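Coordinate-derived values only; no laboratory data. Small disclaimer: the values here were computed from a predicted structure and weren't measured. Neighbour counts are summed over all protein chains in view; Cβ atoms, including those assigned to glycine, are modelled from backbone coordinates with ideal geometry.
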Amino acid sequence: MAVDNKTVIDMAHLARIAVSEDDIPKIASQMGKVLEIAEKMAAVDTDHLEPMAHPLDAAQPLRVDDVTEADLREAFQAVAPSVDKGLYLVPKVIE
Amino acid sequence: MSNAAWETVIGLEIHAQMATKSKIFSGASIAFGAEPNSQACAVDLGLPGVLPVFNQAALVSAVKFGLATGAEIGRKSVFARKNYFYPDLPKGYQISQLDHPIVGRGMIDVVQEDGEIKQVGLTRAHLEEDAGKSLHENFVGQSGIDLNRAGTPLLEIVSEPDIRSAKEAVAYARQIHALVRYIDICDGNMQEGSFRVDANVSIRPRGSDTLGTRTEIKNLNSFRFLERAINIEVERQIDLLEDGGRVSQETRLYDPDADETRSMRSKEEANDYRYFPDPDLLPVHVDDAFIDSCREQMPELPKLRLARFTDELALGESEARQLINDRATADFFEATVAASKQPRHAANWVINELGARLQKADLGIEQSPVDAEQLGGVLQRLADDTISGKIAKQVLDALWAGEGKSADEIIEAKGLKQITDTGAIEAIVDEVLAASPEQVEEYLGGKDKVIGFFVGKIMQASKGKANPGQVNQLLKAKLKR
Amino acid sequence: MGSRCGVDPTTIRQALMHQKTLTELAIGLEKGEFSSVELTQHYLDRATAHASLNSFITVTPDLAISQATAADARRASGDAGPLTGLPLAHKDLFCTEGVRTSCGSKMLDNFISPFDATVVSKLGEAGMVTVGKANMDEFAMGSSNENSFYGAVQNPWATDRVPGGSSGGSAAMVAARLVPAATATDTGGSIRQPASFCGVTGIKPTYGRVSRYGMVAYASSLDQGGVIAATAEDCAMVLGAMSGHDAKDSTSIDRPVEDYRKVLGADIAGLRVGIPKEYFGEGLSNAVGERVLAAAKELEALGAVLVDVSLPNTELAISSYYVVAPAEASSNLSRFDGVRYGHRCEDPKDLEDLYKRSRGEGLGKEVQRRIMVGAYVLSAGYYDAYYLKAQKLRRLIAQDFTQAFEQCDLIVGPVAPTTAFKIGELSDDPVAMYLADVYTLSTNLAGLPGISMPVGLADGLPVGAQLLGPHFSEARLLNVAHQFQQQTDWHQKIPAAFA
Ligand SMILES: [Mg+2]
Ligand SMILES: [Zn+2]
């Protein structure tokens, strides 16, 4: 399916990725080609098939409700771009 | 404004925080009030490569809620990812449930203000993780993100749009609040955010059966705000429609200071959450044995307890409801019955006498200075005529004040035992009658009310210990007209 | 080997250590022919000498020598296991505490992991020595290793050619004998295809056999960790130590790990080897097809019975995969937002700007495109036609294998349609590269194990064949590959410049 520029802009926004104006047509054409491969699926009758989300038919294991994690804030925040008073900083969130 | 022309339709979504020790998908603590980010582990922070593992206690809590509301339990529930970007959402998605929630359709009896029962349908209840918190103060042009709360287990309880007024909404929310505390899956602390309500509100012309466009008022953290916010929003919608406008589907916030609801900056033009099954988590299988084990861990459900109180203990319906609403009260009552074998007295005294004292002292029944054993002792002595009702109240006060360990001890120490010796009572009666010739005249002249005067005097003279029944009998015999 | 006059024989022995297999090196360590420190230093020197191959993103000499020293001490105290003191590299998407874990991305160029992946700790506990982190396609998205922030990796057999991907660094460094083994991951062929392009052996176990904890996710329901080494026996050694149940990974399977080395040598007479006709049709180069069939004949000579089987939905696996994988990736990679770690753009003017520029700058073009495709196939109005449909087809593809395994015990086929292509040859046509994954994708959709082994050279470039088996048949696959390697010497070939 042909992907138009608007779709690229919408998806880039949904995915929070800055794309340059100049790249949009190329991205559109490449996305279109990928989706073309996907569209081959339409020809197959899948009505009788259960969707398969996992390769193995297993059940979710359960964890015992214990506190096992220590405070590693210092180690975790050592790799953070911007922190103050133990908080991660971001440009002001407007509500 | 013609309120009568419009019908209000409300559905509530309640986020109840499950009272677990650790988070829903990690082993970090959920204790309230810790240093920022000190309880955000690698999984909660969404570090690269980390994976979620589901907390069994959260599952047990959800199943208990399903059992308590007679709902279907999802035998194969599925966690899904709800994708959106927000700084308090570390992974860029919230793990929640969509198509296959852990709890399906259920029903709850809501006792309304006038005592009437209204049934409200539950659409579903699903488990999900909470987000973190953004703090806007203290930083110029920046927000600080605390992820301690991220990953806290929540049960989102979704009602059918069965609610028709703000008052009903409050009654419903209170009922759910009482229930989750009753079955011990949520501490219900609204200040700390353990119980938060979102209200979906719409109006339609009375008589219409199509739903109007709804708005969602988010994060109401008190029953008072819930009532206020709905009423204000309903008024706003009526004004809007009567002025020829349209309600737009949006999320609104209630501002208690301005007492108004405000549109939240539409978080995203098109909220496309792109839900899909979380590939890091497998379907959660719940079998009969698991459900049975959850049932075994549950207290007797309010509904069954109500029936037992009215049928076996012969309590009145409204009295019984007052007792079962809160599990601690019901438990206290039952312990009092066990200690006294006096269910009617126990109901009355727990609700009224003890209830009033607790309310005055602003105490919960868990903090009552008088325990059920002690109250039972008082009621036993009341029943076997050792003391009168009036003395019983004094004994209760003495127990409350810590003047003794048991009713018997106080009765003994204070000499409060009722005088049942006919001769002794007769002597006091004679004494009082002799001292009040005028009143005797009045009585004999037909003034029945004077009998109260004599009883008062006699009780005073006996320091309240004379058996009131015997006093009455003797008086009537001696003052035969 | 004889000693040359005037040169100390020990020096020669040590200078040629890298020509040995991991298994042989383990014997050398045990016999005390060399120490782990000597061995490790030798490989570190080779990594430096052959840095132009670009197979390493990070070399960790200090860490390696300290681990090697500890391994030698452990051996001295009689506490050594079979892997103690043996060097290896980790694909750079396994989190390594205190060491950069970049995933081949600018986004994580500054990310020093605060913890170890389960695979890393397991191999560390076994005493293995980490010499560095292997280059890879960014976030494991690619089949050529050209999509790395750190540049393309060269194929040791022809440095103008790609090593395959996404575990291209792992395969190239093993082929060049810069390490005796390297961890790798396979989401749609990322272990098997580079192993085949580089003439080495690589195994992707059953989904759930190896913990994914700390292995940075590309597509969670398809990703599986494994190992690349010179021989099947070497793979068996490492796989045994990295496998096993992990309570930190809900999709990890709680089932005992077989002793993969113990079963090596089992007779394969009577084993039914399936040849799927869809793997030998149009698109497969003659040179590759001939050598793979010759390998099948070799197995027949060992007593196996060749049977024709069919995997009718093979081509549809491409469609299903290129919906499922981007969908999962679009969500998995949302965490890279410039807030808690990783790349953050300069002076964001608001929150949206922070997100968009951090991700726009930090993520490469291929990754961005897959994320956008993934967002598209999950979005309202398209979910059913794309994502749900792909999940249903996934079942159909898995059923193909179930039916085929009723007629055979394992399947043999090519890994890729061609030998390694030239760097830059396909990089402008992503779809052509996607189509070349046709023989490997369906294995991941079905969660099956597969092993790739060298079966010949074509125009001087390695050709690989893969063996695929039912769930949890790793031991069988390793044994059959081992039997094959007992009869052939393709796995012993080292590109001349690296011998
Ligand atoms: Mg909601
Ligand atoms: Zn919710």
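Values for this structure:
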| quantity | calculated |
| --- | --- |
| Where only C-alpha atoms are counted, convex hull volume of region C:121-180 per residue in Å³ | 82 Å³ |
| For B:SER77, residues with placed amide H under 5 Å, excluding near neighbours | B:VAL284, B:VAL286 |
| Mean separation of Cα contacts under 8 Å (6+ apart) over length of chain C, as relative contact order % | 17 percent |
| Proximal lysines to B:LYS476, defined as alpha-carbon separation beneath 20 angstrom and excluding residues fewer than eight positions away on the same chain | B:LYS447, B:LYS449, B:LYS457, B:LYS465 |
| Chain B - mean residue ellipticity at 222 nm from DSSP helices (-39,500 (n - 2.57) per run, n ≥ 4, rounded to 500) | -11500 deg cm²/dmol |
| D (Stokes-Einstein, µm²/s), Kirkwood Cα radius, region C:231-374, 1.567 mPa s at 4 °C | 63 µm²/s |
| Average projection area in nm² (convex hull over Cα atoms of region B:422-478, one quarter of hull surface) | 3.3 nm² |
| Only Lys, Arg (+1) and Asp, Glu (-1) charged, at Cβ; region C:298-364 dipole about Cα centre in debye | 440 debye |
| Pairwise Cα inverse-distance average, inverted: Kirkwood Rh of region B:300-414 (Å) | 14.1 Å |
| Percent of C-alpha pairs per 10 Å bin, region B:6-289, short to long | 6, 27, 35, 24, 7, 1 |
| For chain C, calculated [θ]222 nm from helices alone, where every DSSP H run of n ≥ 4 adds -39500 (n - 2.57) | -11500 deg cm²/dmol |
| Sorted by Cβ density within 10 Å, fewest first, the residues B:SER208, C:SER144, B:SER202 | B:SER208, B:SER202, C:SER144 |
| Of C:LYS31/C:LYS106; B:LYS21/C:LYS356; B:LYS133/B:LYS360; A:LYS26/B:LYS82; B:LYS76/C:LYS389; B:LYS91/C:LYS422, pairs whose Cα-Cα distance is over 32 Å | C:LYS31/C:LYS106; B:LYS21/C:LYS356; B:LYS133/B:LYS360; B:LYS91/C:LYS422 |
| Principal axis box of region C:39-154, alpha-carbon based, largest edge first, Å | 45, 30, 23 |
| Cα-Cα P(r), region B:187-329, percent of pairs per 10 Å interval | 9, 21, 23, 26, 18, 3 |
| Zero-based 5 Å bins, Cα pair distances in region C:400-499, whole percents | 2, 11, 19, 20, 18, 15, 10, 4, 1, 0 |
| Two-site label geometry, B:THR422 and B:ARG174: point separation in nm, points 7 Å out along Cα→Cβ | 5.2 nm |
| Cα-Cα separations in region A:12-72 greater than 16 Å, expressed as whole percent | 74 percent |
| 25 °C / 0.890 mPa s Stokes-Einstein diffusion coefficient of chain B, Kirkwood radius on C-alpha pairs, µm²/s | 92 µm²/s |
| Under 5 Å, built H, 5+ apart or other chain: amide partners of A:ARG63 | B:PHE54, B:ASN55, B:GLN56 |
| Förster radius 22 Å - calculated FRET efficiency between B:GLU137 and A:ILE94 (Cβ-Cβ, nearest 0.05) | 0.95 |
| Semi-axis lengths (Å, descending) of the ellipsoid that matches the C-alpha gyration tensor of region C:291-349 | 48, 17, 9 |
| In nm, spacing of pseudo-spin labels at B:ALA361 and C:LYS262 (7 Å Cα→C-beta vector) | 6.9 nm |
| Dimensionless Rg ratio for the protein assembly as shown, taking C-alpha atoms and the 2.2 N^0.38 Å reference | 1.22 |
| Relative contact order %, region B:422-478, counting alpha carbon pairs below 8 Å whose residues are six or more apart | 41 percent |
| Acute angle (nearest 10 degrees) that the helix B:422-435 long axis makes with the longest principal axis of chain B, alpha-carbon atoms | 80 degrees |
| Ranking of C:THR11, C:THR69 by count of other Cβ atoms within 10 Å, fewest first | C:THR11, C:THR69 |
| About the Cα centre, charge dipole magnitude for region B:300-414 (Lys/Arg +1, Asp/Glu -1 at Cβ), debye | 260 debye |
| Listed residues C:SER310, C:TYR279, C:ALA175: farthest to the positive end of the dipole of chain C (Cβ charges) | C:ALA175 |
| Computed label-point distance, nm, for sites A:VAL64 and B:ASP430 using a 7 Å Cα→Cβ extension | 7.9 nm |
| Cα-based Rg of region B:21-136 normalised by 2.2 N^0.38 Å, two decimals | 1.27 |
| Packing-based exposure ordering (other Cβ within 10 Å, fewest first) of B:TYR273, C:TYR260 | B:TYR273, C:TYR260 |
| Coil-residue GluC sites (Glu not before Pro) of region B:397-481, DSSP, other Cβ within 10 Å capped at 12 | none |
| Charged-residue dipole, Cβ positions (Lys, Arg, Asp, Glu), the protein assembly as shown about Cα centre, Debye nearest 20 | 600 debye |
| Inter-centroid distance (Cα atoms) of region C:106-171 relative to region A:23-50, Å | 30 Å |
| Kirkwood Rh in Å, taken over all unlike Cα pairs in region B:127-189 | 14.5 Å |
| Peptide C:322-335, shielding by other chains (average Cβ, 10 Å cutoff) | 6 |
| Whether chain C is rounded, prolate or oblate, judged on the alpha carbon gyration tensor where a/c under 1.5 counts as rounded | oblate |
